[in-house]
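The values are calculated or read from the model by the stated rules, or taken from the named source; none is laboratory data. A quick note: this is a predicted structure, and the numbers were derived from the prediction, not measured. Glycine also receives a Cβ, built like all others from the backbone with ideal geometry; neighbour counts cover every protein chain displayed. SASA here: full protein model, heavy atoms, side chains in, ligands and nucleic acids out. Shrake-Rupley method; radii C 1.70, N 1.55, O 1.52, S 1.80 Å.
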Amino acid sequence: MSASSTRRLAASVLAAGAIVSAAALPAMAHDRDEDRQQRRSGVEISAVQANSPGPDTRSNRSLNREWIEITNSHRRAVNLDGWTLRDRDGNRYRFHDVRLAGRATVRIHTGVGRDTRTDLYMDRRHYMWDNHADTATLRNDRGHTVDTESWGRGGHHRG
C-alpha cells in the first residue's frame, strides 16, 4: 500500500469516527439534560405497575391497579402544577394543584377516584400503559423532560 493510500485510509477512518461521534452527541447531551433536571427538581418516576394484577376487565378497580409512582427526594416540596406524565403513544395526564411534599411519593392511578396527598387519579375509562412495552415520560411545567421509565422490548430501562 502506498503512503498516499495509507493517508487516505486513515483520513476516511477519522472522518467516519467524527460522523459517529457527532450523531451520538445530541443523545448524550439530552441524557445529561434529563439527569440535571431530575437532580435539580429531585423528582423521579420511582415505580411502575403497567400491568394491573388479574384479568384486564376494564373495571375501575382494574384500571386503578395500573399506576405510576412519582417521588420527591428533596426536603422541600415541589409544585407539580402543569407537569405532565405521558405514554409512548402521546396519551397525557396533567397535574393540577398538586404539591408533592419533601421526601414523599404520590401514586397516579389510571382510573377514577378521589385525589389525596398520596394517590391521584387520571379519571380514564381505558388503560393507559401498555403491559408489554411502553415509556412513561415526566415533564415539568416548561415541557422539559425530568425523568423517563421504559419497560418491555429490550428489557427494563431507566432514563
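Answer yes if at least one residue in segment 108-118 is under 13 Å from the mean Cα position of the chain (by Cα), modelled with pLDDT of 95 or more and not hydroxyl-bearing (Ser, Thr, Tyr), and no otherwise. No.
Against the condition surrounded by fewer than 17 Cβ atoms within 10 Å (Cβ to Cβ) and either closer than 15 Å to residue 86 by Cβ or modelled with pLDDT under 95 (or both), how does residue 155 come out, does it pass? Spelling it out, residue 155 is indeed surrounded by fewer than 17 Cβ atoms within 10 Å (Cβ to Cβ) and either closer than 15 Å to residue 86 by Cβ or modelled with pLDDT under 95 (or both).
Taking segment 68-89 as the search range and keeping residues that are open to solvent by 60 Å² or more (accessible area, probe 1.4 Å) and of a type in the set (Asp, Glu), which one is nearest to residue 148 (Cα to Cα)? Going through the qualifying residues, I end up with 89. Remark: residue 92 matches the filter, which requires a residue to be open to solvent by 50 Å² or more (accessible area, probe 1.4 Å) and free of Cβ contacts under 8 Å to residues at least 12 places away in the same chain.
Hey, any hits in segment 26-39 for a residue that's at pLDDT 95 or above and surrounded by fewer than 17 Cβ atoms within 10 Å (Cβ to Cβ)? For segment 26-39, residues at pLDDT 95 or above and surrounded by fewer than 17 Cβ atoms within 10 Å (Cβ to Cβ): absent. The lone criterion from (1) surrounded by 14 or more Cβ atoms within 10 Å (Cβ to Cβ); (2) over 13 Å from residue 66 (Cβ atoms); (3) in contact with a His (Cβ under 8 Å, 6 or more places away or on another chain) left unmet by residue 147 is number (3). Considering segment 48-67, and only residues there that are within 14 Å of residue 124 (Cα to Cα) and open to solvent by less than 70 Å² (accessible area, probe 1.4 Å), the residue that is nearest to the chain's Cα centre (by Cα) turns out to be 67. Return the pairs, sorted by first residue and then second, in which the second residue is at pLDDT 95 or above and open to solvent by less than 60 Å² (accessible area, probe 1.4 Å), the first residue lies in segment 35-55 and is more than 18 Å from residue 132 (Cβ to Cβ) and assigned to a loop (DSSP other than H, G, I, E, B), the beta carbons are less than 7 Å apart, and the residues are 6+ apart or on different chains. From segment 35-55, the pairs are 42/72; 42/78.
Taking residue 84, is it in contact (Cβ under 8 Å) with a residue 24 or more places away in the chain and under 21 Å from residue 140 (Cα atoms)? Judged against the criteria, residue 84 is a match. In this entry, residue 107 passes the filter for residues that are part of a strand (DSSP E or B), touching a strand residue (DSSP E or B) at 6+ places or on another chain (Cβ under 6 Å), under 19 Å from residue 47 (Cα atoms) and among the basic types (Lys, Arg). Residues of segment 103-133 that are surrounded by 15 or more Cβ atoms within 10 Å (Cβ to Cβ), over 13 Å from residue 67 (Cα atoms) and among the charged types (D, E, K, R): 115 alone.
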